Amino acid sequence: MIEPVKTEYLMTLEGSIGEPSLINNLMVFNVLSGHIKGPGISGEMQAPAGDWARVMPNGNWKLDVRFTILLDDGNPAYVQYHGVVCMTEEMANRVEEGDTLNGDEIYFRSAPYFETTSEKYDFLNNIVCVGKLRSFGGGNVVYDIFKVL
C-alpha cells in the first residue's frame, strides 16, 4: 500500500516586496522585509533578499527566491525556494490593482530549504519543506511552511 506524504506545520513566513523590475518575461522583486514565526522558532529577514519570478507562456510564475533570516538565537539561516504560482490573467490584474488573493483561490506552492550553523536549529539542515500560500497582494505575501515527515 502506498502511504501518503505527511506534513507538520513548521512556521509562517510573512514578507513585503517592492514593485518588480521587468526584463522580458522575468520579474525581479526586491524583498523589502520579512519574518518567520512558528512554534519555538522565529527570525527576521536580512538584506539582501530577492524574488525572481519567470512568467511562463501559460501565465504561471516559476519562483526562485533567496534570502537570509537572522534566527532568534542570533545565528543566520540561508533560505532558498523554488515554486509554482498558477496565475490567471484575471488574478494578475487583481494583484496589479492592489487586491489580495487568498490561498484558497490560487495554487501557490513552494519548496523551501534551509542552511544554518545554528546548533539550536540544526534540524533545519535535515528536512524538506513545502510552502502553501495564505495571502498575496498589496506588496505582501504570507504563507505557511510545513516540514515533510
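Every residue in the range 94-136 that is touching an Asp or Glu at 6+ places or on another chain (Cβ under 9 Å) and either of a type in the set (S, T, N, Q) or over 22 Å from Lys6 (Cβ atoms) (or both), please.
Thr116, Ser118, Glu119, Lys120, Asn125
If you scan the range 92-149, which residues turn out to be acidic (Asp, Glu), exposed (fewer than 15 other Cβ atoms within 10 Å of the Cβ) and either touching a Phe, Trp or Tyr at 6+ places or on another chain (Cβ under 9 Å) or assigned to a strand (DSSP E or B) (or both)?
Result: Glu115, single match.
Results for (1) among the small types (Gly, Ala, Ser); (2) touching a residue at least 60 places away in the same chain (Cβ under 8 Å); (3) part of a strand (DSSP E or B), shown as yes or no for each residue.
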site: Glu14; (1), (2), (3): no, yes, yes
site: Leu22; (1), (2), (3): no, no, yes
site: Asn30; (1), (2), (3): no, no, yes
site: Ser42; (1), (2), (3): yes, no, yes
site: Asp64; (1), (2), (3): no, no, yes
site: Val79; (1), (2), (3): no, no, yes
site: His82; (1), (2), (3): no, no, yes
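Is it fair to say Lys62 is modelled with pLDDT of 95 or more and surrounded by fewer than 15 Cβ atoms within 10 Å (Cβ to Cβ)?
no
Looking only at the range 72-91, which residues are farther than 20 Å from Gly131 by Cβ and open to solvent by less than 70 Å² (accessible area, probe 1.4 Å)?
Asp73, Gly74, Asn75, Thr88, listed by residue number.
Regarding Ser33, is this residue within 18 Å of Gly138 (Cβ to Cβ), modelled with pLDDT of 95 or more and surrounded by fewer than 16 Cβ atoms within 10 Å (Cβ to Cβ)?
yes
Name the residue, out of Lys120, Lys132, that is in contact with a strand residue (DSSP E or B) (Cβ under 8 Å, 6 or more places away or on another chain), basic (Lys, Arg) and within 18 Å of Ser42 (Cβ to Cβ).
From the options Lys120, Lys132, the qualifying one is Lys120.
Restricting to the range 44-57, what's the tally of residues that are of a type outside the set (Asp, Glu), within 24 Å of Thr88 (Cβ to Cβ) and assigned to a strand (DSSP E or B)?
4
The values are calculated or read from the model by the stated rules, or taken from the named source; none is laboratory data. Quick caveat, the model's predicted, so the values are computed rather than measured. Methodologically, a virtual Cβ is constructed for each residue, glycine included, from the backbone with ideal geometry; neighbour enumeration extends over all protein chains shown. Just the protein is used for accessible areas: all its heavy atoms, side chains included, with ligands, DNA and RNA removed. Shrake-Rupley method; radii C 1.70, N 1.55, O 1.52, S 1.80 Å.
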